[in-house]
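**Q** Would you mind keeping the following structure in view while I ask a few things?
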Amino acid sequence: MRSIIPLGIAVCPTSLTKNQFSSRVSHHSNNIFKSGICRASQVVDLFPTMSPEIVVREARLEDCWEVAETHCTAFFPGYSFPLDFALRINRLIGLLSGFSLPHGCRRTCLVAVVGGSSDETFCLGDEDLKIGGLGGKFCLNKGYVAGILTLDTVADFLPRRGPLLQRRTGIGYISNVAVREKYRQKGIAKRLVAKAEAQAKSWGCRAIALHCDLNNPGATKLYKGQGFKCIQVPEGANWPQPRASPDVEFSFMMKLLRNRR
C-alpha cells in the first residue's frame with residue numbers, strides 16, 4: 001500500500017514571480033529531457049493545477065446519489081438495471097435513516113471528494129443542521145465523490161455485554177468502506193480511516209472496530225497497517241456479523257484510540 005502523498009503539493013504558479021516560475025519549469029524540463037522519462041511527480045510539479053485536491057469530510061445532501069453509486073459499484077459490480085437502480089435507492093434510504101438512531105448513538109458518512117475545495121466560501125446552509133446521517137450544508141463547488149466510509153456508535157455488530165445483553169458504548173464502528181475503481185491505490189482509503197479515527201475520538205470513543213472480509217487481503221493489509229489488530233472470537237461465541245452472503249467470512253478487528261489529555 002502506498003504512503004499517503006497529498007495531490008497537488010507543488011507551489012501554484014500564481015504564488016511565484018514570472019522569472020521564478022520560468023526558471024522552475026526550465027529546470028524540471030531539463031531534468032525530464034535528460035533522463036528521457038517523464039515521471040508522475042515531475043508532471044505534478046510542472047502542472048500543479050492538473051493534479052486535483054482530495055478532501056475528506058462528512059457527507060452532505062448534495063453527495064447522496066454519488067455515495068449510493070460508490071457503494072453499489074464497489075460491493076455489487078455485477079448488477080445491472082433495474083436491480084442496480086433499486087440498490088441505489090435502497091442505499092439512499094439507508095443514508096437518511098439517521099433519524100432512527102438509538103438514543104445516545106451517533107452516525108456519520110465520510111466522503112473523499114476529488115476536485116472539491118475545503119474552502120467554505122461557497123457553502124449554503126447551517127453546519128449544525130443534520131438530515132439523517134448527512135450534513136445540511138450545500139456547496140456550489142461540490143467536487144466528485146471518490147470514496148466513502150460509514151462510522152457509528154450503534155454497536156449492532158459488536159458483542160453485547162452482561163446477562164442483559166446491553167449495548168456496548170464508547171466504541172466506534174467502521175463499515176461500508178469503498179473507493180471507486182479508478183481512484184484506488186492513491187491512499188484514499190487510508191485517509192478515510194484516519195478521518196474516522198479522529199471523528200471517533202471527538203465523540204469520546206476509546207476504541208474503533210470493524211469487520212474485514214477474509215477474502216480481501218488488500219483490506220486486511222490496509223487495516224493492519226493502520227494499527228488494527230485481529231480479535232480472536234471465543235469458541236462457541238455467537239458474535240454478530242455484518243449481513244452478507246453465507247459464504248463470506250469475516251475477521252473482527254479493533255484498535256485502541258489514544259485520546260489527548
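The values are calculated or read from the model by the stated rules, or taken from the named source; none is laboratory data. This one's a predicted model, so the numbers in the text were calculated from it and none came from an experiment. Here the Cβ positions follow ideal geometry from the backbone for every residue, glycine too, while neighbour counts run over all protein chains shown. For accessibility, only protein heavy atoms count, side chains too; no ligands or nucleic acids. Shrake-Rupley method; radii C 1.70, N 1.55, O 1.52, S 1.80 Å.
**Q** Which of (1) at pLDDT 90 or above; (2) touching a helix residue (DSSP H, G or I) at 6+ places or on another chain (Cβ under 7 Å) is the odd one out, the single condition V113 does not satisfy?
**A** Here V113 meets the rest and fails (2).
**Q** Taking the range 215-239 as the region of interest, how many residues are more than 20 Å from the chain's Cα centre (by Cα), surrounded by 13 or more Cβ atoms within 10 Å (Cβ to Cβ) and not in a strand (DSSP E or B)?
**A** 2
**Q** Look through A68, A74 and report the one residue that is closer than 20 Å to V114 by Cβ, touching a residue at least 40 places away in the same chain (Cβ under 8 Å), among the small types (G, A, S) and surrounded by 17 or more Cβ atoms within 10 Å (Cβ to Cβ).
**A** Of the residues listed, the single one that is closer than 20 Å to V114 by Cβ, touching a residue at least 40 places away in the same chain (Cβ under 8 Å), among the small types (G, A, S) and surrounded by 17 or more Cβ atoms within 10 Å (Cβ to Cβ) is A74.
**Q** Separate question: Would you please list the contacts, defined by Cβ atoms under 8 Å and residues six or more apart or on different chains, that run from a residue in the range 149-160 that is farther than 15 Å from K201 by Cα and open to solvent by 10 Å² or more (accessible area, probe 1.4 Å) to a residue that is part of a loop (DSSP other than H, G, I, E, B) and of a type in the set (S, T, N, Q)?
**A** As it stands, the answer is F157/Q241, since those pairs meet every condition given.
**Q** Here is a further query. Looking at (1) part of a helix (DSSP H, G or I); (2) modelled with pLDDT of 95 or more, which one does G204 not meet, given that it meets all the others?
**A** Result: G204 fails condition (1) only.
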